[in-house]
1. If you go through segment 196-206 one residue at a time, do you hit one that is in contact with a Gly (Cβ under 9 Å, 6 or more places away or on another chain), surrounded by fewer than 18 Cβ atoms within 10 Å (Cβ to Cβ) and closer than 22 Å to L14 by Cβ?
2. Does segment 51-72 contain any residue that is away from the ligand (no atom under 16 Å from the Cβ) and open to solvent by less than 10 Å² (accessible area, probe 1.4 Å)?
Amino acid sequence: MERISDKKRIVIKLGTSTLAHSTGKLNIRKMTSLVRVLADLQNSGKELVIVSSGAIGLGVGKLGLKARPSDTPSKQACAAVGQCELMYMYDNLFDEYGITVAQILLTKTILEKNNVVNTFEKLISMGVVPIVNENDTVAIDELELEIGENDSLSAMVANLAKADLLIILSDIDGLFSSDPHTDKTAKLIPVVEKIDHHIEEIAGGAGSSLGTGGMATKINAAKIATESGIDMIIMNGKNPEMLYDLFEDIPVGTLFKANK
Ligand code: GLU
């Protein structure tokens with residue numbers, strides 16, 4: 001499976017900055033255009049699994065809090081409210097295109113026990129799009145950053161769901177040779193054959209500003225994915241139509257090649 005167009009089972013990670021405004025309110029324009037493209041890809045025969053952040057962020061907005069809280073019980077409360085809002089939106093938007101979604105909330109323990117493998121298989125075989133997040137409301141470890149961010153979670157999910165490809169939609173175009181925010185000569189690296197010391201070094205200095213993770217957690221995700229034999233792409237989520245280019249084998253973002 002060399003060409004991206006040949007990849008069938010795709011895990012796609014959506015970050016809070018793609019789904020919500022800085023106010024914590026839903027970014028309706030981005031979310032509707034994303035779901036339209038994702039529904040179309042599912043209709044074309046792809047098997048999508050979504051890893052979606054946004055629970056805490058949307059909870060902050062819905063509860064009318066001024067800022068993201070720092071204490072764990074408040075974060076758990078926000079996640080409980082926001083996860084509900086998130087799934088309500090996904091359910092409605094995908095339903096417009098006749099696609100059924102399912103919610104899977106994971107914790108570290110569940111991940112380690114591998115007992116959701118069959119759940120993924122069954123849902124995918126029924127044409128359902130599983131939407132995954134960490135169960136932030138009950139999993140204190142996650143909120144206190146034991147797994148903590150959905151970049152690494154998405155790579156673990158790609159492994160569990162036996163995906164052919166992991167796509168991380170970010171607020172940056174991919175991995176750059178240096179920090180594009182400060183260095184005008186920074187160049188996008190289209191393909192990473194192997195994650196070596198040099199790649200880790202650039203990633204450490206070129207974090208994106210908005211997501212929880214930045215570039216370092218994306219490289220960590222890339223390590224987990226490529227070591228599991230799964231290709232991974234980091235691309236900008238601001239124009240979801242670029243996903244069409246990707247599946248027409250037009251290079252987009254940075255491709256991390258799976259270890260064979
Ligand atoms: N699970 C968190 C949430 O839904 C997000 C973690 C992350 O942004 O990586 O709010």
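1. Scanning segment 196-206 turns up no residue that is in contact with a Gly (Cβ under 9 Å, 6 or more places away or on another chain), surrounded by fewer than 18 Cβ atoms within 10 Å (Cβ to Cβ) and closer than 22 Å to L14 by Cβ.
2. So in segment 51-72, the residues away from the ligand (no atom under 16 Å from the Cβ) come out as 64, 66.
Now restrict to residues that are open to solvent by less than 10 Å² (accessible area, probe 1.4 Å): none.
Looking for residues that are away from the ligand (no atom under 16 Å from the Cβ) and open to solvent by less than 10 Å² (accessible area, probe 1.4 Å), one finds none in segment 51-72, hence no.
The values are calculated or read from the model by the stated rules, or taken from the named source; none is laboratory data. Bear in mind that the values here come from a model prediction, so they are computed numbers and not experimental data. Reconstructed Cβ throughout: ideal geometry from the backbone, glycine too, with neighbour counts over all protein chains shown. Areas reflect the complete protein model, heavy atoms only, side chains present, ligands, DNA and RNA absent. Shrake-Rupley method; radii C 1.70, N 1.55, O 1.52, S 1.80 Å.
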